[in-house]
1. If you take the beta carbon distance between B:Leu144 and B:Asn46 as r and set R0 to 35 Å, what does 1/(1 + (r/R0)^6) give as a FRET efficiency, to the nearest 0.05?
2. Given points 7 Å out from each Cα along the Cα-Cβ axis, report the A:Lys268 to B:Arg204 separation in nanometres with one decimal.
3. How big is the accessible area of A:Leu284 in square angstrom, nearest 10, if you roll a 1.4 angstrom probe over the protein chains?
4. In terms of solvent-accessible area of protein heavy atoms at a 1.4 angstrom probe, what is the ranking of A:Glu10, A:Glu64, highest value first?
5. What is the percent carbon and sulfur in the accessible area of segment B:96-238, measuring with a 1.4 Å probe over the protein chains and ignoring ligands?
6. Report, to the nearest whole %, how much of the accessible area of chain A belongs to carbon and sulfur atoms, 1.4 Å probe, protein only.
7. Which value in deg cm²/dmol, rounded to the nearest 500, describes the helix-derived mean residue ellipticity at 222 nm for chain A, given -39,500 (n - 2.57) per DSSP H run of n ≥ 4 and division by the residue count?
8. Given the Cα-Cα distance of A:Glu181 and A:Asp128 and 0.36 nm per residue of separation, how much length would full extension add, in nm?
Amino acid sequence: MVDWYQKLAESAETGTPPAASMMVSGACVELTQAFDVLPLYPEVNALQLAIRRQSLEPILAAEEFGYASDNCAYVKADIGAYFKGITPTGSPLPKPALVLCNFVGCNTYVKWFEHVSVIMEAPLYVLDVPFLRAGEPSADAIAYVVRQLKELVVKLEEITGKQLDMDKLREAVWCSSQVEEYWSKIKHLARRSPSPFDAYFDAITLMGPLYVHRATREGVAFFKQALEELELKAELDREAGVRERFRLVFEGPPPYPHFRAFRDMFAKWNACAVASTYSTVGGLWEFGARHDPDNPFESIALHMIEHNVTNRNMQQRNEQIKRYVEEWDADGVIIHFVKSCRLFSAGQGDMREYFSRTLGVPTLYVESDLADPRYFSTAQLQTRVDAYFEALEMHKSARTSAHVG
Amino acid sequence: MRFAAGVDVGSTQTKAAIVEQNAGPVAFAIVDTGASVTRAAENAFNVACREASLQPADVGFVVGTGYGRYKIAFGNAQMTEISCHARGAHALFPNTRTVIDMGGQDSKAISVDDNGHVLDFVMNDKCAAGTGRFLANAAEVLGLGLAEFGALSAKATHPVKITTVCTVFVESDILSYLALGKKPEDIVRGVHLAIAKRTVSLARRVPLEPSVTLTGGVSRNEGMVAALEEVLGVPLQVSPQAHFAGALGAALHALDRVDASFESGVWRTAV
Ligand code: SF4
């Protein structure tokens, strides 16, 4: 990630390579890679500011400008950062050559990117991705996205002055397919007990590289090494008899401004996230889907429509979590409701009921925000988390004694 | 060691309970929390010990609960008020399946199994809407003491409609009804019904199964109990000790651990 920020800083100074602003979910980074265009993610900027505890200043600046208090805090952190000239690392970020709104699932994206385009005085291209209402995308939906991807190729050709090199595109798509394979294997390592890593809190360190380097050889090497290291760790943990006390599935993005405090609330109980939906924002690969170098455009379109959690409907999200609970052998589900995120949070009350009542899976629902530090109340969250584990512990011991007896 | 204690540090009052093995509760105590949570916890515990004619050292294990649980200097362990209210309500009424706890600063609904173990719970959002603090504020605007405020509700004939459950905005609602010449009892009843609706909608998020037991300080407010029963459509179980349910539950959890604490060498520091 340091390397990526460095490249962005170089691009800011020299204008090369050009950068394109994109959304993380359903990003067609394979296509930008084929043109050597750097991806620039406003969401990543917002979360980097939040985790470094720098998001409040830009959020307040955006509110002063007129954004409402319940607007998405990612939007306000990002937009306010442009107003204030703040960047996460302190080094400059380039002015995008293209603002590419690969709009999946959340319609906030459209307004957000319109604003970025106006503020940065950069051309906007809105790539409209149909929402996945039914089980699978229709042939028309795929063709519709492919047609727009081809329009985008023309835009990228104009910006870079280069023709699309199909071999280069296939190579980028191949790299993604390899990264997805490794990432999927890493996710499956968490099915072991103990899990060698936390698939929510630790996963964020692998999610950045997934967004930024997925379509490159460096990305392939990085994820290969990560898999090898985690396999080794899994072995060592097993030999040492390390055990997690609780295995959990997390839904929703983390409260970045209080990441450490939130993490500690679960660490205190020796609980480990064995799976999370948030780690599939950049792609849902653990159930077998991959980019396909033989069908580059179609497989990019499929990723945008089908293989990222943001564009999937509520039943599919529930089903995804249910599979994690069953196949990753989890004790319970934690839902983190994000106050300012309408897309991800809508329906989570029903989701809670589905898991706790219909399936009988102990489910905790807590609220704060992903970028606005003002919505986090440590004492109240701590009480909810502690109460959840106290109940879980009693049920576990009741179950154990029932088995023994 | 036959005795164990629970101390429940709430935002307005601190409660203590002492239980004896195979005998149940032997003493309860209540003090105002005031500015020092640590001192309030000590006071409540000492008063309960005196009440039971015990020396603090006679008590084998102390569990602290409530929002100030981590500030109790002499406790052996802490548990959340959710686990403690569930256990306490179950001890008071063993047929309890749902606990509604209304305290000074928050309200919660807990679904429990037949052992008093928590199955599910929901708590009100961060603000004081619909809690004891809200009622106290409304009573103050009307110039009534809390006891009068609760009793007056029964006299209402045409309860007003209070549309806010915001502790700050309710004040202007009440003042405008007074200006319209509405009777205080109708306003009081309106306030109780508004909170009851909010509390019941919260409680419906856990399986709201009978029997329903009300715990927490607000349980002493008869107007609130009547309003909750009306909105729920079922009678509530309210014990004279409902206020102590958290402390009692904590004491029972402590009793579970009395023997274990000796084995593990954990011991309470002197009070
Ligand atoms: S998905 Fe949520 S966090 Fe992301 S842009 Fe939409 S509202 Fe904001």
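The values are calculated or read from the model by the stated rules, or taken from the named source; none is laboratory data. All values reported here derive from a predicted model rather than from experimental measurement. Cβ: placed from backbone, ideal geometry, glycine included. Neighbour counts: every protein chain shown. These area figures cover heavy atoms from the full protein model, side chains too; ligands, DNA and RNA do not enter into them. Shrake-Rupley method; radii C 1.70, N 1.55, O 1.52, S 1.80 Å.
1. Efficiency, rounded to the nearest 0.05: 0.60.
2. A separation of 3.4 nm, rounded to one decimal place.
3. Result for A:Leu284: roughly 10 Å² accessible.
4. In descending accessible area the options line up as A:Glu64, A:Glu10.
5. Reported share for carbon and sulfur atoms: 55 percent.
6. 52
7. Mean residue ellipticity, 222 nm, calculated: -17000 deg cm²/dmol.
8. That pair, A:Glu181 and A:Asp128, stretches by 16.3 nm at full extension.
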